Structures are given as structure tokens and as C-alpha cells.
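A short write-up of the structure that comes next.
Nothing in this text is a laboratory measurement; each read-out follows from the coordinates by a stated rule. Note that the coordinates shown come from a computational prediction; the quantities given were computed from them, not determined experimentally. Note that we place each Cβ from the backbone using ideal geometry, even for glycine, and neighbour counts take in every protein chain shown.
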Amino acid sequence: MKKQTTLKITNDDGTSETILCYIQRSQLFKVPNRNSWKGRHNLKGKRKWFSSPLAGEEEAWRDINKQINDFTLKGKRTLIKRNEYPSLLKVVNAMLATAYEIAENTEGARFTYASCLRTFTSHLPGKKPEWEWVDESKNVRQFKEGSKWDKITVNELTPALIRKFRVVYLKGYTPKTMDYNIRARGCDSVLKSVKPIFSKHFTKNVYKEIHGFKMPDITEFREMPKIPNIPPAQYEAPDETMINKVLGSINKLYEECLDTWLTFILSYAIGLRWSEIRSARYSWFGHEMAKEDGPSVTTAMCRQRRNQPRRLVRLARLQSPRRHTTWSWRPRVSAATG
């Protein structure tokens, strides 16, 4: 392959200049676990190292050639370009201060993302980030300056950083054990909540358009897969002793908090979801006479689920057919088409 002899660069004042190509692009190498690039060039019989903190390979290649050119002409190195990417502190505070109409989620959800990022960077040296309310109505939170987030830039979020976090987070746990799997799923959960901070939506509509941040390409970070060979969580039935204790406290709960008692009945006995409970109406429910292993009793039924076979959920009452006094809290479910 023919070597490139000249290279066009852009100076700090915006002017363009054509210089000799002292080092080929293929001669650069990326520093392990970092976003900087390095290359060597022979000057007066000595091999000198030149480095660039720029994340892009082509940008770093042009920057290093400019450094070598300045060194050749002026006999000294030029000032290395500073990292132009924003710090984690600036990005997180910009996200938290974004209006709901632009962010498309609540400030509470975004603060959860930030809290998980604080966990994700907990293994890095430096002071732990702290937050404070910045308005009297306590609707917006911002993280204070002076923490480790001041020195960590967005381009440092790499798959290598994720691997280091996993090593620290899972330290002391034996692989292929139940405790290890639980901890590993928690590790993946932290990372899952961190990624939305650097989503395409926030990067384009908030960081670039509103704040003018120069954001690196962190696709590899966003697409980092979960820890392999970790089975999904399996449901574990609660202990029978605990169930009996809960059921034995129903009457007391009825006396102390009627709302909580009713929520429990609609959830455990009838099987409604939380969103259904909040919207429940008396018209959803009715009564019918049923005979199950004894005299006929009045049972409650719910027909509110749409587009599904009618579901009759019955609460068998251990009582006489005429008086409704004592309830049995164990649901008996039957399905019928309707």
C-alpha cells in the first residue's frame, strides 16, 4: 500500500494547512483501557513518543502529525489538545434540569438513572457525588461540584469500564451459585439504568441541541450485553408461616386502615393489578349464590377484564346463607366464557 506523503490539517485559529505526513495512520495504536492514541517517530536518530487524547482515530492521527510538524519546525512540542468532551457532572445535571416535555420522563426517573450512575462509578477513586435541591418547590435536583464526576469525561465510558465494575461488584461471590446469580442480576440492573442517560434521545435533543456538548460515540457502551450464563430469576413461594401470619392480621388491618385492607383484598383475593385497583368501580363487581362443599353462600365476582373470557373470582364466605359476617380470604377462581 502506497504511503501518504502529505496531510491537510486545521490549525487552532481555523485556517487550513498542508504538512508532511510523518506517521501513517496504521502506525498508531490505541492505549489499552483508554481512549487516547500513541505513535512513534524518528527525530534526529531518536524515537520519540507522541500521543493524542482525542477519541477518534482519524482526529488523533492528524493531531499527532501536527505535533510532530511543530516539533520539527519549532524544536518543541505543542500543547496537547484538551479533552473537549463534557464531564459526567455536566451531563447528569443537564439531564436532571431538562423539562418533562423534552425529556419525556419524570425527574424522579432521571434521578434514579443518576443514582445508578453513582453506583456504577463507585469503584473509581475520588469523592462520592452529592446532590441538592436547587429550587424552593423541590422539583429539580443537581449534583454538587468537587466530586469524582468532575474529572470523569463521557468518552471514558467504555466496555472496559463496565468489566472493571463487574469485577468489583461481584468480588467475594462464587460463580455458578445462587448468591452469585442474584448479585450478577443486580449488576446488570445497575447498568441497565445507567444506559438511558446516554441514550440517542438525550444525546441529540438535550446534550447537543440545547447545551452544545460534543458527545463521543459510545455505541459499544450502550450495546454492552449482560453477564453471560446467568439464569433468569425464578419465583420462590413465600413461607407458609408468613402467609398464615398475614392472613391472621386481616381483621386488624380492616380496623386500622380500610384503604390498605381493600387494596389487599382486590389484589390477593380477586387478582387485580395495581393500575386496575386504582380505577376499580362498584359496577365491576356483583354477587351470586354458589354451593361449594356445604350450604349455599353468597360470593363476590368480577367481570371487569375486557377482551378475555369472563373471569369469575369468588371469595367463599364461611357463613349462613342469610347473614354475611365471616370471610374466608383464600380465593377460589373459576373461568367461564361470556
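Taking the Cβ of Gly146 as the centre, find all other residues whose Cβ is under 9 Å away and add up their charges (Lys, Arg: +1; Asp, Glu: -1).
Value of the local net charge: -1.
Show me the ranking of peptides 43-50, 179-186, 89-96, 248-255 by mean Cβ neighbours inside 10 Å, starting with the highest.
89-96, 179-186, 248-255, 43-50
Which length gain, in nm to one decimal place, applies between Lys151 and Lys8 when the Cα-Cα distance is subtracted from 0.36 nm times their residue separation?
Stretched fully, the Lys151-Lys8 segment lengthens by 48.3 nm.
Percent of Cα-Cα pairs per 10 Å bin, from 0 to the last occupied bin, for region 152-241, please list those.
Percent of Cα pairs in each bin: 14, 38, 25, 15, 6, 1.
How large is the convex hull of the Cα atoms of region 6-74 per residue, expressed in Å³ as a whole number?
Normalising the Cα hull of region 6-74 by residue number yields 88 Å³.
As I understand it, the dipole of region 182-251 uses +1 on the Cβ of Lys and Arg and -1 on the Cβ of Asp and Glu, about the Cα centre. Which of Ala237, Asn251, Ile197 lies farthest toward its positive end?
Ile197
Highest first, please rank the peptides 57-66, 272-281 by the mean number of other Cβ atoms sitting within 10 Å of their residues.
Answer by packing, highest mean first, reads 57-66, 272-281.
Starting from region 86-149, pick out the GluC sites (Glu not before Pro) whose DSSP state is loop and whose Cβ has at most 16 other Cβ atoms within 10 Å.
Taking region 86-149 and a limit of 16 other Cβ atoms within 10 Å, the loop GluC sites (Glu not before Pro) found are Glu104, Glu130, Glu136, Glu145.
Lysines within cross-link reach of Lys128: Cα-Cα under 19 Å, excluding same-chain residues under 8 positions apart?
Candidates past the 8-residue exclusion: Lys90, Lys144, Lys148, Lys151, Lys164.
Rank these for me by crowding, Leu258, Leu7, going from fewest to most other beta carbons within 10 Å.
Ascending number of Cβ neighbours within 10 Å: Leu258, Leu7.
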